[in-house]
Amino acid sequence: MWLLLVAAVAVTGAKAQQCECISVGDIWSENYHATFTATSTSSFTGFTIDLTFSHDVDSLQVWTCEIISNDARHYTLQNKDFSASPGDEITFEFMVHYVGPEPVIVEATLNGDDICGTGGYTTPAPYEDPCMPTGMTPYDYSQVLCMSFLFYEAQRSGPLPPDQRVTWRGESAQDDGADVGHDLTGGYYDAGDHVKFGFPLAYTATVLSWGVLEYKDGYVQAGQLEYAYTAIRWVTDYLLKAHTNSYELYGQVGDGEADHAFWGRPEDMTMDRPAFKIDQDHGGSDLAGETAAALAAAYMVFKDSDPIYAEEMLVAARDLYEFADQVRVEYDVSIPEASAYYRSWSGYGDELGWSACWLYYATGESIYLNDAKRHWNDFGMNKGDATGFSWDDKTAGVYLLMSQLDGGSEYLTTLQNFMDRIINDSPYTPGGLVYLDPWGSLRHANNVAFIALRAADLGLNPETYREFAKSQIDFTLGSTGRSFVVGYGVNPPQRPHHRSSSCPDPPSDCSDGWAFSNPGPNPHVLYGALVGGPDQNGQYEDDRGDFQRNEVACDYNAAFTGVLAAITQMNS
């Protein structure tokens, strides 16, 4: 006999294949027909079979067995009359109907004995931190630099390489771009969520490249140069895919509202992930300009080791800069879905100056330096009124690059005035963190620490600026008695606002609210992730629900990584 049952089966995130006892026959739209076959190892009358599926099953039809129970994830099947002797075959057919990912049988028992065989879940190797202590004091900047790249591996979207070190992550979002006919897989998930926001992602690549260009010896000393290259290339490969035509760039994959309504593993996402673009008729100077900067900076990183790839990036950077300059509008006008998350409040003038600087740095062509000077004046950068450095506002970065690339007194004076104002006129927490913004206070402090280090390299108040930068990174790593980097130091954060690390290994469910509300630590240690940080009074609580102070993000770690490399290099 057979029964029809509608049930919700837990979504799981491990890579899975059918158990050996299952043979799939016909497959058609959201249905498949299969046969269960097992061999008896003992004599019995009556059998009970327990099956676990990998993804939601809409309905299950079973012949010759009765479905006697399910607990939302497992089906228990029974046949009281079947008699068997050792060597007899137990076989029956069934049909699975589903909506979304194909559910496969990943656990199976017959009368309590495991009969799945080598199928089922691919159990990940035990995950251990590969970043060993180096003995550096007072804080192990080199070890944390290593950990920062582990964080970026945990943020990977799309197919994963064989050398993936963060083994609790799996392949995900492999249909990104299918709705628009392009391959938009890859890149990094933005933060504790799973949207790919192109604007802060491009900034991340620019600043990671900047760190490698200026503090390469620090990466070499820490044994992290190849990991730095990999982290940058993971973004630039995606940005090149997103640049689908001249004056055309996809700037977002995923819908923020739908994504934020889902607390679970990225491997288990079933919601639509629409792609959004800017083009000739719907521009985005800030997005196009930042992406041009990212590709120009990465061109310099890779021009010696992979000149063909580097040239591809430079060609794209030139096109995107021209697009940004010619079709002037903020990108969130063309991609309103981004406005609630990553609107560029500073406008697009800083990105035009920033990208022109990077193209001049990359090419030495005077047209780009002249453009940078034009943007400097047209957008009031000569006022020197920047209040920080971030994914939104790169004005301070323009101060630095113009000081480095041109060296004019106007630029050097503006840069020095900026740093002096940040150091002397900004509020500080009781423990000494320069407090520039309540959202990601540590991110903002480390961003200006990076600018301070580069200004010091140009000869501006080197002792003062380096001392300031070191005080900020030391605060981050534990100078007040606690670390703000997951997996490092004394009393580090254990509950970052981060979906995938908060989920237990499959087949445990992560969609029922437990992972978010769990009072204990995240099941997976998100090594190297910089959390948002304390408020102005120095108050911080390791609370998964506090996305202002305890979320993590790709842009948070970008300049932070460069500061770690710089301090490592200084200590050599």
Exercise. Counting just the residues of segment 150-174 that are more than 24 Å from Ala222 (Cβ to Cβ) and hydroxyl-bearing (Ser, Thr, Tyr), which one comes out farthest from the chain's Cα centre (by Cα)?
Worked result: Ser172
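Each row is one residue, and each column tells you yes or no for (1) part of a helix (DSSP H, G or I); (2) within 33 Å of the chain's Cα centre (by Cα); (3) within 23 Å of Ser285 (Cα to Cα).
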position	(1), (2), (3)
Tyr368	yes, yes, yes
Thr387	no, yes, yes
Asp392	no, yes, yes
Ser403	yes, yes, no
Gln416	yes, no, no
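Would you pick out the residues in segment 510-544 that are small (Gly, Ala, Ser) and open to solvent by 60 Å² or more (accessible area, probe 1.4 Å)? Working first, answer last.
Restricting attention to segment 510-544, the residues satisfying the condition of being small (Gly, Ala, Ser) are 511, 513, 515, 517, 520, 528-529, 532-533, 538.
Ser511, Ser517, listed by residue number.
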Seminar exercise, completed: Of those in segment 475-528 that are aliphatic (A, V, I, L, M) and part of a helix (DSSP H, G or I), the residue modelled with the highest pLDDT is Leu477
Exercise. Out of all the residues in segment 178-199, which are surrounded by fewer than 24 Cβ atoms within 10 Å (Cβ to Cβ), touching a residue at least 24 places away in the same chain (Cβ under 8 Å) and assigned to a helix (DSSP H, G or I)?
Worked result: Asp179, Val180
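Table: residues versus (1) β-branched (Val, Ile, Thr); (2) at negative phi.
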site	(1), (2)
Gly459	no, no
Lys470	no, yes
Ile473	yes, yes
Phe484	no, yes
Seminar exercise, completed: With the first residue restricted to segment 488-503 and required to be more than 17 Å from Phe547 (Cα to Cα), and the second required to be open to solvent by less than 10 Å² (accessible area, probe 1.4 Å) and among the hydroxyl-bearing types (Ser, Thr, Tyr), Cβ contacts under 9 Å at 6 or more apart or on different chains are Gly489/Ser483; Val490/Ser483; Asn491/Ser483
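Matching residues to (1) among the polar types (S, T, N, Q); (2) within 27 Å of Ala178 (Cβ to Cβ); (3) in contact with a Leu (Cβ under 7 Å, 6 or more places away or on another chain):
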{"position": "Glu267", "(1), (2), (3)": "no, yes, no"}
{"position": "Lys277", "(1), (2), (3)": "no, yes, yes"}
{"position": "Ala293", "(1), (2), (3)": "no, no, no"}
{"position": "Glu322", "(1), (2), (3)": "no, no, no"}
{"position": "Asp325", "(1), (2), (3)": "no, no, yes"}
{"position": "Glu330", "(1), (2), (3)": "no, no, no"}
{"position": "Ala340", "(1), (2), (3)": "no, yes, no"}
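Out of all the residues in segment 187-229, which are among the β-branched types (Val, Ile, Thr) and farther than 19 Å from Leu530 by Cβ?
Matches in segment 187-229: Val195, Val220.
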For this session: State whether the residues of segment 86-94 include one that is assigned to a strand (DSSP E or B), among the small types (Gly, Ala, Ser), more than 33 Å from the chain's Cα centre (by Cα) and loosely packed, with under 14 Cβ neighbours inside 10 Å.
Result: no
For this session: Among the helices (runs of 4 or more DSSP H) lying completely within segment 207-317, list those that include at least 3 residues that are crowded, with 24+ Cβ neighbours inside 10 Å, in contact (Cβ under 8 Å) with a residue 24 or more places away in the chain and in contact with a strand residue (DSSP E or B) (Cβ under 8 Å, 6 or more places away or on another chain).
Result: 225-242, 285-302
Seminar exercise, completed: How many residues of segment 382-405 are hydrophobic (A, V, I, L, M, F, W, C) and open to solvent by 10 Å² or more (accessible area, probe 1.4 Å)? The answer is 2
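State all residues of segment 108-124 that are assigned to a loop (DSSP other than H, G, I, E, B), open to solvent by less than 70 Å² (accessible area, probe 1.4 Å) and either within 22 Å of Thr48 (Cβ to Cβ) or modelled with pLDDT of 80 or more (or both); if no residue qualifies, say none.
At the first step, the residues of segment 108-124 found to be assigned to a loop (DSSP other than H, G, I, E, B) are 111-112, 115-119, 122-124.
Now restrict to residues that are open to solvent by less than 70 Å² (accessible area, probe 1.4 Å): 112, 115-117, 119, 124.
Matches in segment 108-124: Gly112, Ile115, Cys116, Gly117, Gly119.
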For this session: Among the numbered conditions (1) open to solvent by 20 Å² or more (accessible area, probe 1.4 Å); (2) closer than 30 Å to Leu415 by Cβ, tell me where Ala455 comes up short.
Result: (1)
Exercise. Going through segment 538-572 one residue at a time, which ones are without any contact (Cβ under 8 Å) to a residue 12 or more places away in the chain and either among the polar types (S, T, N, Q) or closer than 20 Å to Asp474 by Cβ (or both)?
Worked result: Gln539
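The values are calculated or read from the model by the stated rules, or taken from the named source; none is laboratory data. None of the values given here were measured: they were computed from a predicted structure. All Cβ positions, glycine included, derive from the backbone under ideal geometry; neighbour counts span all protein chains shown. Ligands, DNA and RNA are stripped out before the accessible areas are found, and what is left, the full protein with its side chains, is counted by its heavy atoms. Shrake-Rupley method; radii C 1.70, N 1.55, O 1.52, S 1.80 Å.
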